[in-house]
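For reference, the structure discussed in these notes is given below.
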Amino acid sequence: MSAIPRPATRFLTLAAVVSLLALPALAQSVYRIVGPDGRVTFSDQPPPTTAASRPVGSATTGSATPDASAQLPFELRQVSNRFPVTLYSSRDCAPCNSGRNLLNARGIPYSEKTVDTVQDSEALKRLSGETSLPFLTIGGQHIKGYSDTEWTRFLDAAGYPKQSALPSSYRRPAASPLVAVRIESAASAPAATPSSAPAPAEVPVAPPAQNPAGIRF
């Protein structure tokens, strides 16, 4: 067997060194992917959208604003998903303001439903059995009226922290009516056609029967 010429030996050695130096560059193409549930996975393939992922070691940060739930710390998000809190209130309701202040001071992530119309009152009566306010739900637990002691006891039992753990970037969702009213303009309504048959009677739209606060115990 003939010996390999010295220039060829140097070329092979240089090629091996270049290959070793290229390995770290290849290893950097690993993506850190955070799922909706907060679970972190790693992949060498980029996800369909890169808003919630970036290559490991990259200094680039996303500018997209996460939703309210994604802004919560992990433990608080777990409790909030399991036992969501909903406050039912109305205008000029002093006990409602007291309950809202308690939730805000304790850092409870909650949604607020306003009861201002007849349809709202009817829907509230189907949920709580009466129309008194405030009305609070913690998961499937219903609490009628405001009581600092009672609200605190149920929030403690659900596992909410006693002191606020909300980040400074958290933005609470705006209050919304209990019954959403859909208004259609006259221009979008179909043109009436002459007909000898009597028009069908209008059927009132019933408010949603399900508990908007989430799952029950």
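What follows draws every value from the coordinates through simple rules; no lab data is involved. Computed from a prediction, not measured in an experiment: that's the story for all the values here. Quick reminder, even Gly has a Cβ in these numbers, built from the backbone with ideal geometry, and neighbours come from all protein chains shown.
Convex hull over the alpha-carbon atoms of the stretch 69-164: what's its volume per residue in Å³?
Hull volume normalised by residue count: 96 Å³.
Within the stretch 81-110, whose backbone N sits under 15 Å from a point 7 Å along Cα→Cβ of residue 148?
Counting only backbone N, you get 95-106.
Roughly how many nanometres apart are two label points built 7 Å out from the Cα toward the Cβ at residue 141 and residue 104?
Spacing of the two 7 Å Cα→Cβ label points: 2.4 nm.
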